[in-house]
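Beneath this line is the structure, given in structure tokens, with notes to follow.
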Amino acid sequence: MNKYKLYIIIFFLLLLVPLFLTERGHEVKSSIDNRYLKEFPDSNSSDFWGDFEIAFKDRIGLRSAAITAYTVLNDKIFSSMTHPAYVYGKDGYVFFHYGSLDQKINDYHCTFAKMLLKIQNYCKERGIKFYFMFEPEKKYVYERYLASGVKYSKDYWVRDFISYIDSLGINYVDNSDYLKEISLTEQIYNRKYDAGHWNDLGAFYGFNHLFERMHEDFPNVRPLTKDDFEISSTVATTLPVSYFPIHEEVPSFKSKFPNDTVTKDYSDGLELNKSFTHFHYYRRTDSVDLPRVLTFQGSYFNRKSYMIANSKEDIAVHNYQNVLNLDYYVNIFQPDAVVFEVAEYVFSDSFFDSERMKNLVFNPPLRESEFEKSDSVVYLKKVMTDGGKNIIFCAMPFENTEYLYLKLNGNNYDMKFDNNVYCTKNIDSVIDNPLLFVSFSDGRKQCFKTLINHISLSQTEKSNGVNLSDTIWTYTTNVEDNKFSWIGIQLHNLRTENHELISYASDKGCYSGFYVHNQESGEFEILIKANSNLSDEMIRFKVFLKEGEAYYYRYNVNSFSEKHIEVDSRFTFE
């Protein structure tokens, strides 16, 4: 073979490299433009080949490297930004792509505003102070550095939105013009680095604007000074979510206020939207007369340590979609104040679902004086969740129930109807015999004493294909052609030999819910079963179940395949 043929073969082999490196995973996030890659279509797609072409272009190997090389080359030769997420402005400023600058206020914005009013009223009725906080885009604050010919104005929808929430009586802090004025003398967004957010200096001023408003309700909340922080700087060498090279000094503020984190004590059992999972919980270690603050926050606030300066407990939940479960988080953390912070560019269904906002309903406030005391006793189920830190109380529904409330340890808890029972979800408190308040749809209101039911699991048997350890239960099969199809919970009636499937899973993840026992009271078997086409594998527990009772179950599948399944040993059925 002569050298020319060899060169040709090498050339064609190199052309095949991107094909071999094509990304085939599910829910893969791009390393260069901060989004999920297009999924390959299934056979039912109405435009299979069109969708396949888009996904293939998105996932072909070396895409990020090619985009980076092309972007850097254009920057060096033509001083032009060709990145999928960023554009150049004047004087070396980098912005997110401008997008539409002529959008008007629409039904979505009005739905969002009405949702704010529901949340504010819910808080107000429970003595909780509420603050809505609005953060502007960098392109508004530094409008003067946008590229020539690009005109940006808040008039396109934001001013109308702010006017609308003002007319609804929303307690808000708008940082737009406040920060724009400060930007005339201070660099509160970086020139290049992080085109989507303020820097730590901008956060310092933004939080202080909020603290000025909170001071009106909590006199001990005060504006911060720079002496409250250890201030330093770091050098950013690339744009975020990008390999585009830069060299820029970025300010760093570290709070001096003493605090401990108890985040892990709560995060294991906490329900969070799988796309928005930031959560932290800090407690001051010094004695302070400050509020317990629950903040629903986006990326402007995440990983910032300012709120702890003016709170005895700083509890933060990633706001997108999660804020629509406000009562769930209020039940757990019982805050004195709720802060709901958003950035200008998050007003869309992918962040806040419009149908859920429209249909958002909270319990009215509990007014104990309106309830008549009953001589009847109601049985509640108390369920310990991960680590025993949090508790779920659940009750069977009464006929014609409208609202249920629980009162324990001096706090009121809203109960929600969930999978055939009313439950409080997680509560950070351990106490028996709370009071149950029931509001009926016919107008009756009654208060019941309660008793708590428990059940315990005792392991009795496992099949040969299950290996038990303190942390993981491993299911395997060596039977030829045997394939696991699902793992789940089965109920075995020892008297009738009937089996009832309670829950099953065919992929990794955490699975939980409530099972209402509609059979006679007695001893049953719970099977944690790996179902297959030839030979099942299982663990058996004996339990005593009561007719009409509700039982909470939870199991976590760490990995799942046709031959191997791993389950977290902290299985719950109680």
Would you say Y403 is surrounded by 19 or more Cβ atoms within 10 Å (Cβ to Cβ) and under 24 Å from Y552 (Cβ atoms)? yes
Restricting the search to region 342-371, which residues are buried (at least 18 other Cβ atoms within 10 Å of the Cβ), within 24 Å of V158 (Cα to Cα) and touching a Leu at 6+ places or on another chain (Cβ under 8 Å)? F352, M357, L360
Selection count where residues are under 30 Å from T237 (Cα atoms) and not in a loop (DSSP other than H, G, I, E, B), scope region 181-227: 13
If we keep only residues of region 393-435 that are touching a strand residue (DSSP E or B) at 6+ places or on another chain (Cβ under 7 Å), assigned to a loop (DSSP other than H, G, I, E, B) and closer than 19 Å to D375 by Cα, then the residue modelled with the highest pLDDT is P434
Name the single residue, out of those in region 468-515 being assigned to a strand (DSSP E or B) and β-branched (V, I, T), that is surrounded by the fewest Cβ atoms within 10 Å (Cβ to Cβ). I472
Inside region 503-526, can you point out the residues that are more than 16 Å from Y552 (Cα to Cα) and of a type in the set (G, A, S)? A505, S506, G509, S521, G522
Looking at the structure I just gave you, is T225 touching a Pro at 6+ places or on another chain (Cβ under 7 Å), of a type in the set (V, I, T) and over 15 Å from K304 (Cβ atoms)? no
Against the conditions (1) in contact with a strand residue (DSSP E or B) (Cβ under 6 Å, 6 or more places away or on another chain); (2) modelled with pLDDT of 95 or more, where does I332 fall short? Just the number, please. (2)
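Residue-by-condition table, conditions (1) touching a strand residue (DSSP E or B) at 6+ places or on another chain (Cβ under 6 Å); (2) surrounded by 19 or more Cβ atoms within 10 Å (Cβ to Cβ):
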position: K139; (1), (2): yes, yes
position: S148; (1), (2): no, no
position: D166; (1), (2): no, no
position: T185; (1), (2): no, no
position: H197; (1), (2): no, yes
position: G206; (1), (2): no, yes
position: P223; (1), (2): no, no
position: D228; (1), (2): no, no
Region 473-502: number of residues that are under 20 Å from Y552 (Cβ atoms) and among the small types (G, A, S): 1
Only unsatisfied item for K312, checking (1) at pLDDT 95 or above; (2) within 23 Å of N121 (Cα to Cα); (3) not aliphatic (A, V, I, L, M), is (2)
Please enumerate the residues belonging to region 238-281 that are among the basic types (K, R) and at pLDDT below 90. K264, K274
Suppose we keep only residues that are of a type in the set (S, T, Y) and in a loop (DSSP other than H, G, I, E, B) within region 540-574. Which one would you say is nearest to the chain's Cα centre (by Cα)? S569
Scan region 517-539 residue by residue and report those that are surrounded by fewer than 15 Cβ atoms within 10 Å (Cβ to Cβ) and either assigned to a strand (DSSP E or B) or modelled with pLDDT of 95 or more (or both). G522, E523
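The values are calculated or read from the model by the stated rules, or taken from the named source; none is laboratory data. It should be emphasised that the depicted structure is a prediction, and the values quoted were computed from it without experimental measurement. Glycine also receives a Cβ, built like all others from the backbone with ideal geometry; neighbour counts cover every protein chain displayed.
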